[in-house]
Amino acid sequence: MEEETKILVTDLVLPIIKDIVAPKIKSVIKNLTHRDVVQLDVEKKLDDYLTLRYQKFQIIDTLVFPNKQTLLDILYEPLTLSCNSYQNPNFEVKIDSYSDEFLPKFIRIIIEDTAGMGKSTLTKKLFTSIVREKKGFPILIELSQINSNNNILTEIQNQISGIGELLSKEFIHNLLSEGEFIFLFDGYDEISLENKETVVRDLKRFIDNNNDSLFLLTSRPDESLTAFGDFQKFNINPLEYEEAFSLLKRYDFYSHHKIAFSLIEDLKNATNETLIEYLNNPFLVSLLYKSYDFKKDIPIKKTQFYQQVYDALFENHDLSKEGYLKRKKFSNLHIDDFERVLRYLAYFTSIENIVEYDKNGIISYINKAKTHLSDLKFKSNDLLKDLITTVPIFRKDGNYYKWSHKSLQDYFGAKFIWIDAQENQKSILKKIFKDSKNIRFYNLLELYYDLDPKSFETSLLYWLLKEFEQFASSNYQNFETSKKNIKSRLENSFGREITISICNSPKYNRSDKPKNDKNVNSKFPEDIKYFNISPNADFIIETFINIDFKKETILEIISKKLPELVNHKAPSIDFQNLILEEEKTYKVNDKDKNSLNLESNFEKINNVIASGIFLDYDKAMKKLNELEKNMSSNINDDFLNW
């Protein structure tokens, strides 16, 4: 780094150390039994930590310009976050700086969104903004690196201590307990399955022990996030067209080929509505830029983006240089064979929910893939070199190797199930279908649908519809209410255990419910998604929903790919003449003596529990009949009838 830049960073960091952190260090040292810690030494370590991390996060890795240092400030398009909670309806904040209306206001925040929306980039933007604006001392932890042998405090100890003697954990614990630190935990969904329970417990304990600090957590959708019930959830708003176009123009800054203008013109003239989804997503916008330069066309399907980007990377098409560089591969594998290895590698790492590895770890996965690809001859170390340099699907950060983006792992994992699984395909899909934590496969399954919609429908969709049919045939039979109401109740309660509580408004205290109510699921809040409905000042109806998340994952994908099969519902707040007792809880079921099932209550209760995405009864049954008819027909005989 140039001397002028070093001075600039020092000017940013020094006031944070002297004005914010130094008094805390002094306070901790004062209370030590053995005062063998030197204040200036600690200040130096914290100064070095903040300087090095700031410099590191100023540089970002991109698939558009692999193996090239690109600046965050140039390529970051400001993202807008929104929450729509009971307390903060329709609240939005744009992250182009460290806003006092964000973390300082909400104290504990979860940013939850799907693949490619820019969660990690946004976290780095917040870190650098905090330093630049001298708003506090940020600590960024990548949760994929936390495990039973490296808990959060140990990771912070290693980060802050740097090279040389480690600060003691006791000292760091006491320092953090002074409060006013800003913790940024990135990639909650990237915690490996093996370590999930341990890390979540460690994370919750760490947050409780540092109650006077600020916390931000990022994740793809994950059902276990309900364990952090005191965090305010934010989502990243989809990019507007002009924001997507602005991001494309930012990439032109580093590219030898200035293609943004022609790409934007082609996008404006395009008539395909599916492009809207790609322009909404920052990562897909970057893939669009990469694939357009390589093929000079706009891919229609998301899977085409990934394939064209892979082809460009294998051909070593570097946008920052003139022309193409055909560099020999260390592994000597052909483009198709190299992809075969990638598919196996992606599948084996996906099922364990691991995206980051030390060298021994990634080599072990490559070796595992080799055992299934005996016709291919290559050295594992050579393939790893290719993955980092000549075909940079992975990136190296210190001693760790990581997929350049998790959605690449999802794409190649989906292709493995489509192409390579063969006779194991149905068994793999069935295992995913039954996995209670299958939300981690959401993006993989969405890509799989794009690759093989027929197989998706005859497996995952069919199994879900079959379970719905079985649920419908064994519940709410012979009820004396309209068929329409019965269908609605079946739609709204499939895959859900629901409890309704009627509360007297003046006495209402959410913290007392449902923990002190034995009638409500004792696992609250870990397994329950809940919401409040307050129609007037006299009483509150509170609904607790224990969701079968494995069904919910498939339903979410269906809502995108086959929207005609689902209904999007919102709860009603018109509960006039509802006949239920106050200060009592009710289970939603088909018991005759259940007050929820009184003729006068039945439809109103349907409206109370209607919140989210649900199968449309009639359309779901029609689709199921179509699938069964096609699956039982002899259509495949056409291939053999010659």
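The values are calculated or read from the model by the stated rules, or taken from the named source; none is laboratory data. As the structure is a computational prediction, the values presented were derived from the model and not from experiment. Neighbour counts are summed over all protein chains in view; Cβ atoms, including those assigned to glycine, are modelled from backbone coordinates with ideal geometry. Surface areas here come from the heavy atoms of the whole protein model, side chains and all, with no ligands, DNA or RNA. Shrake-Rupley method; radii C 1.70, N 1.55, O 1.52, S 1.80 Å.
Taking the Cα centre of each part, how many Å lie between region 538-570 and region 352-399? Value for the Cα centre distance between the two parts: 39 Å.
Across the protein chains, with a 1.4 Å probe defining accessible surface, the residues HIS568, HIS334, HIS173 rank HIS568, HIS334, HIS173 from largest area downward. How many angstrom lie between the C-alpha centres of region 422-469 and region 275-290? Computed from Cα coordinates, the inter-centre distance equals 25 Å. Per-residue SASA remark: ASP358, around 70 Å² accessible (1.4 Å probe; ligands, DNA and RNA not included).
Computed across region 83-152, the Kirkwood radius stands at 14.0 Å (inverse of mean 1/r, all Cα pairs).
Rank these residues by their accessible area, most exposed first, probe 1.4 Å: ASP592, ASP452.
ASP592, ASP452
Beta-bridge orientation, the chain: approximately 70 percent antiparallel, per DSSP, counting only bridges with both partners inside. Across region 567-636, the mean sequence separation of Cα contacts (distance under 8 Å, 6 or more residues apart), normalised by length, yields a relative contact order of 43 percent. Taking all protein chains as shown and a probe of 1.4 angstrom, LEU615 keeps an accessible surface of around 10 Å². Between VAL566 and ASP616, the built amide H atoms are under 5 Å apart, and every one of these is 5 or more places off in sequence or on another chain.
Show that you can apply the helix-only estimate: for the chain, add -39,500 (n - 2.57) for every DSSP H stretch of four or more residues, divide by all residues, and state [θ] at 222 nm to the nearest 500.
Result for the chain: -13500 deg cm²/dmol, rounded to the nearest 500.
The string of couplings for region 587-598 from the Karplus curve (6.51, -1.76, 1.60, θ = phi - 60°) is 8, 7, 7, 9, 5, 4, 8, 6, 4, 5, 9, 4 Hz, one whole number per residue in order, with x for Gly and Pro. Ranked by solvent-accessible area (1.4 Å probe, protein heavy atoms only, all chains present), the residues THR218, THR371, THR198 order from largest to smallest as THR371, THR198, THR218. Note that region 201-272 presents 48 Å² accessible area per residue, ligands and nucleic acids not counted, probe 1.4 Å. Computing Rg and the Kirkwood Rh from the Cα coordinates of region 143-249 gives a ratio, Rg/Rh, of 1.05. When the Cα atoms of region 375-428 are aligned to their principal axes, the ranges along those axes come out at 39, 27, 17 Å in descending order.
Only alpha carbons enter this Debye calculation for region 25-144, each as an equal point scatterer, and the log10 of I(q)/I(0) it gives at q = 0.15, 0.23 Å⁻¹ is -0.83, -1.42. Applying a DSSP loop filter and a limit of 15 other Cβ atoms within 10 Å to the trypsin sites (Lys or Arg not before Pro) in region 236-318 leaves LYS258, LYS296, LYS301. Summary of the geometry: region 166-213 and region 104-123, compared by the centres of their Cα atoms, lie 17 Å apart.
Between the amide H of LYS584 and those of ILE502, distances stay under 5 Å, these residues lying 5 or more places away or on another chain, with hydrogens modeled in the peptide plane. Restriction of the trypsin sites (Lys or Arg not before Pro) in region 452-487 to DSSP coil positions whose beta-carbon has at most 15 other beta-carbons within 10 angstrom yields no sites. The accessible surface of the chain, taken with every protein chain in place and a 1.4 Å probe, is 48 percent carbon and sulfur.
Note on region 178-300: Rg/Rh from C-alpha atoms, Kirkwood Rh, equals 1.14. At the residue level, ILE60 shows approximately 20 square angstrom of accessible surface with a 1.4 angstrom probe and all protein chains present.
Where in region 129-176 are there GluC sites (Glu not before Pro) that are in a DSSP coil and have at most 14 other Cβ atoms within 10 angstrom of their Cβ?
Answer by residue number: GLU133, GLU165.
Given the pairs LYS377/LYS430; LYS550/LYS623; LYS359/LYS437; LYS302/LYS561, which are separated by over 24 angstrom at their Cα positions? Those over the limit are LYS377/LYS430; LYS359/LYS437.
Only one item in (i) 81, 79, 48; (ii) 77, 68, 48; (iii) 94, 60, 51 matches Cα extents along the principal axes in Å derived from the coordinates shown, and that item is (i). Distances between placed amide hydrogens fall under 5 Å for PHE185 paired with ILE141, LEU216, LEU217, THR218, all partners being 5 or more residues away or on another chain.
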